[in-house]
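Heads up, the thing below is written out as C-alpha cells.
The values are calculated or read from the model by the stated rules, or taken from the named source; none is laboratory data. The shown structure was predicted, so the numbers you read here are calculated from the model rather than taken from an experiment. Virtual Cβ from ideal backbone geometry, glycine too; neighbours counted across all protein chains shown. For the accessible areas, the whole protein counts, side chains as well, though only heavy atoms, and no ligand, DNA or RNA atoms are used. Shrake-Rupley method; radii C 1.70, N 1.55, O 1.52, S 1.80 Å.
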Amino acid sequence: MKLSFKPYDLQLKHVFTIASNSRTTTPVILVEIKYEGVVGYGEASMPPYLGESHITAADFLSKINLEQFATPFLLDDILTYLDGLADGNYAAKAAVDIALHDLVGKLTGQPWYKLWGLNPEKAPHTSFTIGMDRPEVVRQKVIEADPYTILKVKLGGVNDMEMIETIRSVTDKPLCVDVNQGWNDKYQALDLIHWLKEKGIAFVEQPMSKKRLDDNAWLTENSPLPIIADEAVQTVNDVLPLNGVYSGINIKLMKCGGMRAAHKMIILARCLNMKVMIGCMTATSCTISAASQLSPMVDWADLDGNLLISNDPFKGVTIVNGKVILNDKPGIGIEKL
Ligand code: MG
C-alpha cells in the first residue's frame with residue numbers, strides 16, 4: 001500500500017465572505033493510496049482560518065508509512081496509527097481516511113452508503129450557500145442558485161435583515177442561516193431569530209462565539225428555531241459536552257478527521273437526540289462525494305463546496321433538483337477527470 005500526495009489550489013467562482021474573512025482560493029492536498037493496482041482518492045481541504053496548510057499537511061503526510069499494513073481493510077488499525085502520529089492535522093487525516101474508504105469500497109465493489117446499509121432515497125436536499133455581498137450581487141447569486149431548493153445565508157455582518165429582505169425579494173424558498181459566531185448580544189440574537197422565523201428560516205448555525213456556552217445554551221432553550229453548532233464542534237469528543245447547549249451539530253469531514261469519525265459522531269448525536277447536519281469547506285467532488293455517502297443519516301446537508309469552485313479535478317455525486325444523488329460507483333463514487 002503506497003501513499004502519494006500533491007498540493008492543489010481551488011479557484012472560487014465568487015469572492016467568499018463570511019463573518020471572519022474573505023478569500024478567492026482554498027489550498028487543498030490531493031492524496032492517492034495504491035494497493036494491488038487499485039487507487040483510492042482522498043483530499044484535505046484547508047481554509048486558512050483552521051490552521052492547516054500545504055506545508056503542515058505535507059509534513060504530516062510525509063510521516064505516514066502504510067507499507068507496514070498488509071491490507072487497506074485494516075481501517076481501524078490504520079486510522080488509530082494515524083491519530084498516534086501527531087495531534088491535530090484533521091484535514092490531512094481526513095485525506096488519508098477518505099482515500100482508504102475509497103480504496104476499500106473499490107476492492108469490495110460497493111459504494112459506502114451500501115456498505116453502511118443506507119437508503120439512497122433518504123439522501124437529503126443540499127443547501128447552496130449565499131455569502132455576504134452587495135444587494136445586486138446577492139440577488140444575482142440567488143438567481144444562479146435556481147436549481148437548489150434550500151439556500152444557506154451567511155449572516156453576522158452589519159446588514160443581516162437587509163440580506164434576508166434582499167433574498168426574500170427574489171425567492172420564497174426555505175432558507176437557513178449561518179452566523180459564524182457573528183452575534184454578540186443574546187437578547188438581540190433572540191429577537192432576530194424570532195424575526196427570522198417569520199421570514200421562513202429553518203435553523204440557525206453557530207449564532208454566537210463557541211466560547212460562550214451559557215449564552216448559546218440560553219439561546220437554544222429560548223429559540224423558536226433549532227440552533228446548530230459548527231465552530232463549537234470538531235471531533236467526536238466534542239459532542240457529549242454540547243448536549244443541551246445546541247439542538248444539533250454540523251459535522252464536516254475536514255474537522256473531525258474523515259468518514260469513520262463522522263459516522264461515529266452521527267451515531268452519538270442520534271443517541272443524544274440531537275439534530276445532525278453534514279457540511280463542508282470549499283472542496284472538490286472527492287470530499288463532497290465522501291461526505292454524501294453519510295448523507296442519508298442526517299437531517300440537513302450543506303454539500304455545495306464543489307459547486308463553488310471552477311477547477312474540480314473529479315466527477316462524483318451529483319445534485320438533481322437540489323437533492324443529493326448517490327451513484328452506484330464503488331468507494332466514494334468518484335472518477336478522476
Ligand atoms: Mg458554518
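Once you have all Cα-Cα distances for region 263-314, histogram them in 5 Å bins from zero and send the whole-percent values.
Reading upward from the zero bin: 5, 22, 28, 19, 12, 9, 4, 2.
Tell me which DSSP H helices of the chain clear both cut-offs, 24 Å or more of axial length from alpha-carbon atoms and a mean Kyte-Doolittle hydropathy of at least 0.5.
Length and hydropathy pass: 90-108.
Can you give me the convex hull volume of the Cα atoms of region 50-185, divided per residue and expressed in Å³?
Considering the Cα atoms of region 50-185, their hull volume per residue is 186 Å³.
Between Rg and the Kirkwood Rh of region 114-227, both from Cα atoms, what is the Rg to Rh ratio?
So for region 114-227, dividing Rg by the Kirkwood Rh gives 1.02.
What does the highest-first list of 293-299, 135-141 look like by mean Cβ count within 10 Å?
Those peptides, ordered most packed to least, come out 293-299, 135-141.
Round to the nearest 0.05 the FRET efficiency obtained for SER53 and SER209 when R0 = 25 Å and r is the Cβ-Cβ distance.
E between SER53 and SER209, to the nearest 0.05, is 0.55.
In nm, to one decimal, how far is the LYS336 label point from the GLU136 one, both placed 7 Å along Cα→Cβ?
A separation of 4.4 nm, rounded to one decimal place.
Taking 7 Å along the Cα-to-C-beta vector as the label spot, tell me the ASN222-LYS2 distance in nanometres, rounded to one decimal.
6.2
So what's the convex hull volume per residue for the Cα atoms of region 250-337, in Å³?
For region 250-337, the hull spanned by Cα atoms encloses 92 Å³ per residue.
So what is the orientation-averaged projected area of region 2-109, using the convex hull of its C-alpha atoms, in nm²?
Mean projected area for region 2-109: 7.6 nm², to one decimal.
Hull surface divided by four, with the convex hull built on the Cα atoms of the chain: how many nm²?
15.5
For LEU50, LEU118, what's the largest-to-smallest order of accessible area, 1.4 Å probe?
Order by accessible area, largest first: LEU50, LEU118.
Could you work out the relative contact order of the chain, using alpha carbon pairs under 8 angstrom and six or more residues apart, expressed as a whole percent?
20
How large is the direction-averaged shadow of the alpha-carbon convex hull of region 54-123, in nm²?
Value for region 54-123: 5.8 nm².
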